[in-house]
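Report on the structure given below.
The values are calculated or read from the model by the stated rules, or taken from the named source; none is laboratory data. Since we're looking at a predicted model, the values are computed, not measured. So basically every Cβ, Gly included, is an ideal-geometry build from the backbone, and we count neighbours across all protein chains shown.
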Amino acid sequence: MTFVKSISYKSISSLYRGYLREIRRLPHEYLRLFFRLKARDDVEAISSTRGQRGLRERKQRRVLKEVIKLKAANVGDRTAFVHVLDLAYGRKGKLKWELLEPLLEYPGAPLPDPIIPNVDKSRPPSYSPEIIALLTSPYGRPTKPLTPSSLITPPILPPQVDPSSEEARLLGTLSKRREVNLRRCFFKTQTGRVYPPLQVVVREQTKVPGSVAESSSHDALTQAGIRGMAMQGAGVFEEVLQLADSGSHSRPINPFSSSLRPRFLRRRYRELLGSLPILTYNYPPTLKGSQRSPYEVSLASNALTKSIPRTARGVPSIDADDLAWIKFSSEDGKDAAKSNSRQRTAEQKQGIERNRSVINIM
């Protein structure tokens, strides 16, 4: 980064003014609104530490780092701008946990049996259908998806958890308290890696065979009998789609109020779509007894992400023109290889004859 690494502020008010100055330079209204609220919370957190000098200085340094990142984002630093988008759309930070917390609860589900008899606190954690879909999908988290069996038996459990195993016979069975702690640790670690969706989309089968209707309205969720996300119906996800696709028209529209290049901003929003999973509920759900989850996880068609395999993104179909070019290039390649081989053979023969004439002269 080419900007100054440290800025000296004489008071909280000057820090707040610098914060707001950078916020006004952000390219979109949603970002400005989010960071205005965040700036107020950050400054109030500093003001609440009166009489605690060490804590006050730590909080002030943390806010100062945030201002520096905003400054870097406004001058086109890619890493800083990605950090700004991740904070504003709940890919990290406080908003992520506010979006994720409702999904960690599964109201109405039967309680699992406690691992330690007569100890209610030893019940293993329950995975909601939304969390199961996100954990087992390649689009719901930045790391490798989990298998459904690993949710039942976490892979971090040692073999001694099975009393009939050879390890349990030699080393003794695993402590029940240890099993409880490992299951909770696995649940907390894996759910913390999930990208929380901004909304749920209901996909309903229509009367026309083969056609479906999708909606994210509250009425559609109420009809399907499912719960929505914290940003359900706010239009935030649709707005991101528009910002990421704003340059694809014949006469591109620039929705950003910034000195940064529109192409740079569009690509950052397309990268953001790579961490915004679309959670779709199929209504009516599949027949009872089916192992298929009613929830599906996908990404927007114009999302950019490194975690999507090429086969998942979709490989363009080959047509007659492509086949003709492949055949033409392969034939040219073979002819060129034969020509090069004949040329090398001729050069080798010339070299041999030259050596022989030198020997005869000697």
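Residues of the stretch 65-81 that are buried (at least 17 other Cβ atoms within 10 Å of the Cβ) and either in contact (Cβ under 8 Å) with a residue 40 or more places away in the chain or in the same structural domain as Arg270 (by TED's automatic domain parsing) (or both): Glu66, Val67, Ile68, Leu70, Lys71, Ala72, Ala73, Asn74, Asp77, Ala80, Phe81. Restricted to the stretch 139-224, the set of helices (runs of 4 or more DSSP H) holding at least 3 residues that are surrounded by 13 or more Cβ atoms within 10 Å (Cβ to Cβ), in the same structural domain as Thr305 (by TED's automatic domain parsing) and not basic (Lys, Arg) comprises 218-224.
Figure legend. Inter-residue proximity from the stretch 171-192: first residues among the aromatic types (Phe, Trp, Tyr), second residues part of a loop (DSSP other than H, G, I, E, B), beta-carbon distance below 6 Å, spacing 6+ or different chains. Indicated pairs: Phe186/Pro154; Phe186/Ile156; Phe187/Pro125.
Tell me, yes or no, whether the stretch 98-121 has at least one residue that is under 30 Å from Glu66 (Cβ atoms), surrounded by fewer than 15 Cβ atoms within 10 Å (Cβ to Cβ) and not assigned by TED's automatic domain parsing to the domain that holds Gly225. Yes, that holds for at least one residue.
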